[in-house]
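The values are calculated or read from the model by the stated rules, or taken from the named source; none is laboratory data. Nothing here was measured: the structure is a model prediction, and the numbers come from that model. Don't worry about glycine lacking a Cβ; one is built from the backbone with ideal geometry, like all the others, and counts go over all protein chains shown. With ligands, DNA and RNA removed, areas are computed over all heavy atoms of the protein, side chains included. Shrake-Rupley method; radii C 1.70, N 1.55, O 1.52, S 1.80 Å.
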Amino acid sequence: MILPSVELYIADSESNTQYKMSDVITNAEYYTTLLPQPGKLTFTVIDLTEKQFCEGSNVVLAVDGKKIFDGYLFTRTRTEKDTMQCVAY
């Protein structure tokens, strides 16, 4: 069984720094409908020691090299010392 390649990038809106987050995310879930509504991506980021980003940052999710989500970070909630729950639309 071949697992898909999943990549997540966040481009911080304040520092203009792009981070590849694929190695520090868990519990990523993507929701979409056929109706004209924005998609929703939720994910948990672990190990925030070197990656800093704020609300409004661009979030891109690609699976096997195909972009399936391109949105903006709306909320981020610190859940533990170095863990943050994020929601993007």
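In the range 39-89, which GluC sites (Glu not before Pro) fall in coil by DSSP and have 12 or fewer other Cβ atoms within 10 Å?
Here the GluC sites (Glu not before Pro) that fit, given the DSSP loop and packing criteria, are Glu50.
Regarding the chain, what is the average projected area of its C-alpha convex hull, in nm²?
6.5 nm²
Cut-off 10 angstrom, C-alpha nodes, Gaussian network model of the chain. Which of Gly65, Gly39, Gly56 fluctuates the most?
Sorting by GNM fluctuation, first place goes to Gly65.
So for Ile10, Ile25, Ile46, Ile2, what's the accessible-area order with a 1.4 Å probe, most first?
If we order Ile10, Ile25, Ile46, Ile2 from most to least accessible, we get Ile2, Ile46, Ile25, Ile10.
Once you have the Kirkwood Rh of the range 21-70 from its Cα pairs, apply Stokes-Einstein at 37 °C and 0.692 mPa s and quote D in µm²/s.
264 µm²/s
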